[in-house]
Amino acid sequence: MPNRRFADGEMVMGRWPGSVLYYEVQVTSYNDVSHLYTVKYKDGTELELKESDIRSQSSFKHRKSQSSSSSPSRRSTSRSRSRSPGRPAKGRRRSSSQSRERKDDKKKTIQETNIALLVLVLFKPSENNTRRYNGEPESTERNDTSRITLEQKLKPDLETERVLEQYSLRPRKEEKKKEEIYSEKKIFETIKTIEKASSKTKELEFGGRIGTFMLIFFLPATVFYLLLMCKQDDPSLMNVPLPLPALESLWEARVFGVFLLWFFLQALFYLLPIGKVVEGLPLSNGRKLHYRINGFYAFVLTAAAIGTLLYFEFELHYLYDHFMQFAVSAAAFSMGLSIYLYIRSLKAPEEELAPGGNSGYFVYDFFTGHELNPRIGSFDLKYFCELRPGLIGWVVINLAMLLAEMKIHNQSMPSLSMILVNSFQLLYVVDALWNEEAILTTMDITHDGFGFMLAFGDLVWVPFVYSLQAFYLVGHPTAISWPVAAAITILNCIGYYIFRSANSQKNSFRRNPADPKLAYLKFIPTATGKGLLVTGWWGFVRHPNYLGDIIMALAWSLPCGFNHILPYFYVIYFICLLIHREARDEHHCKQKYGLAWERYCQRVPYRIFPYIY
């Protein structure tokens, strides 16, 4: 067992991980198994360092004094002082000696230039030599050489420059200066190479290249399977909907045109100069992007447009009649958008690539997203798709299902189950748009690139899978009593309260930790300068927002009854999704916060479900 070099409590210099900078730290403990020192920085951050990353303070002081004593200025000063004693005519002799030195330097320069020119005459394959080898008389070369002027000698061409470097005819100071510049360039190039290599995504998610390749086909197949099942009289999961519809019946140009009109209408609302402009979180290069917060205004304008269509008796249940074709159109559009995003990302600078989508593997980067914030001018494609076309489209689809239920079953008003599903999900969407600024702190914006995963999720999965309960109720009406409806409403309110209050605490603390309104919150400081909340909802479980999400998802499915498990697919999917996100968040936070995250996990042991998980 190797002996430890530094004792507990000793003040040493510790290298900050991933850099060449050393800071003053205190040794707190030593692990005999891993041979790692636990050190504490002045800001309270604790990290584990190898012995090779720790230096004694005396070694730093010794180097500093050694470099200062051997500086050129001091050496020149000592030489000048040794010459000064015993010189009576001080000024005159110094000036004469300086003039002699200048003359000597000029002689040396002329000699070096003459030698260089001589080497050029002997070895340079000039035009004169070429003419001689081709049969021209030798006297022509001599005449050309005699024409070399003094100006040409004092200003040698590039070839002379090369010969001077080859034969070391430059003064040593100039050579030393060039070596220093070269070494600095070499260091910067090495740092740039290391940063480029370190920015590569090393740990692949979703099963790596094979897993992401399969998901590109599995996700659309899952959406179409669920929609076909809802059309069945018996929507059991094992009851395969046969025969499958013909491929030509799944595509309709008019439906695709309506989808494009919807997408570009939302883009137009996004570009309207209404709503405040805020800054996002700092990027890896320190830059902050600007975002216009007008999602709620876009929702109001959309509601006005839909109301106008209904006033002129436009049949909105057209969505229900062509629901599968709309899903196919959205999937085709998301695939085309993903291809465009990947092609444009190939020209993006290294600092604009996504940390999780820069693996160098085409399929993986195409799926997860190669570029972090793709923009066309000020139009942020990822931010726009995150909340606008899919999320607002989800509400429109639910409304279309409600009208379709009334028409198909000849009802004067929708069923209580349909009203609950529409109301709960409308509250969720309005809340997201009202608190639009909060999305700027999520991993979708700060970490994930914009590729097939988010494009398909935003434009296909959200509007067509999240509306599954409303679509199911059209073909399979379920009657519930008022007491049951009241109990389901209370459950949804509990989930919403947990979800909203937890997210509000987190977002407010991230924006301004020094806010007096948040003085009651306690936190653990980290090396990144951020704090980990250990009170409030975040001291209850590590991901209280996920807990609220799951409770709300259950409340959305309960109005569909218990005849089939299909309406509860969303709950099952949501639990699996959030557990995957939670595991990803755990891994990401452990890498980012180090020992501070381990202390947080000891303080808050439960992840999503208190006393269970």
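The values are calculated or read from the model by the stated rules, or taken from the named source; none is laboratory data. Owing to the predicted nature of the structure, the values given are computational and were not obtained by experimental measurement. When the accessible area is computed, the model is the full protein with side chains, heavy atoms only, and any ligands, DNA or RNA have been set aside. Shrake-Rupley method; radii C 1.70, N 1.55, O 1.52, S 1.80 Å.
List the residues, sorted by chain then number, that are 5 or more residues from Ser29 or on another chain and whose placed amide H is less than 5 Å from its amide H.
Close amide H contacts, sequence-distant or interchain: Thr38.
Quick check: Cα centre of segment 399-449 to Cα centre of segment 18-36, how many Å?
Using only Cα atoms, the two centres lie 52 Å from each other.
Looking at this model, which pairs from Lys276/Lys592; Lys288/Lys592; Lys50/Lys506; Lys522/Lys590; Lys50/Lys517 are more than 30 angstrom apart at the alpha-carbon?
Lys276/Lys592; Lys50/Lys506; Lys50/Lys517
Residue by residue through segment 518-530, which ³J(HN,Hα) values in whole Hz follow from phi under the Karplus form 6.51 cos²θ - 1.76 cosθ + 1.60 (θ = phi - 60°), with glycine and proline marked x?
Per residue, the Karplus-derived 3J(HN,Hα) values read 9, 5, 6, 7, 9, 8, 9, x, 10, 5, 7, x, 8 Hz.
For segment 10-59, what is the accessible area per residue in Å² when the probe is 1.4 Å?
56 Å²
Using all Cα-Cα distances in segment 191-292, what percent lands in each 10 angstrom bin from 0 up to the longest?
10, 18, 23, 27, 17, 5, 0
Given segment 206-479, report the % of alpha carbon pairs whose separation exceeds 23 Å.
Distances greater than 23 Å cover 56 percent of the Cα pairs.
What is the percent carbon and sulfur in the accessible area of segment 465-613, measuring with a 1.4 Å probe over the protein chains and ignoring ligands?
After summing per-atom areas, the C and S share lands at 64 percent.
With the cut-off at 24 Å, report for segment 335-471 the share of all Cα pairs above it, as a whole percent.
Considering segment 335-471, 40 percent of its Cα-Cα pairs are separated by more than 24 Å.
Quick one: 3J(HN,Hα) in Hz for segment 336-343, Karplus 6.51/-1.76/1.60 with θ = phi - 60°, rounded, Gly and Pro as x.
x, 5, 5, 5, 4, 4, 5, 4
Bin by bin, in steps of 5 Å, what percent of the Cα pairs in segment 480-612 do you find, going until the bin that has the longest distance?
2, 10, 16, 19, 18, 12, 9, 6, 4, 2, 0
Calculate what fraction, in whole %, of the accessible area of segment 10-59 sits on carbon and sulfur atoms when a 1.4 Å probe is rolled over the protein chains.
Answer for segment 10-59 is 51 percent, counting heavy atoms of protein chains only.
Using modelled amide H (1.01 Å from N, peptide plane; none on Pro or chain starts), what sits under 5 Å from the amide H of Lys522, excluding residues fewer than 5 places away?
Long-range HN contacts for Lys522: Val534, Thr535.
Taking one equal scatterer on every alpha-carbon of segment 197-257, how large is log10 of I(q)/I(0) by Debye at q = 0.18, 0.26 1/Å?
Ignoring solvent entirely, the Cα scatterers give -0.83, -1.10.
Using a 1.4 Å probe, what is the accessible area per residue for segment 480-612, in Å²?
49 Å²
When the Karplus curve 6.51 cos²θ - 1.76 cosθ + 1.60 is applied with θ = phi - 60°, which whole-Hz ³J(HN,Hα) does each residue of segment 215-220 get, with x for Gly and Pro?
Values, residue by residue: 5, 4, 9, 6, 5, x Hz.
Looking at segment 1-64 from every direction and averaging, what is the projected area of its Cα convex hull in nm²?
4.5 nm²
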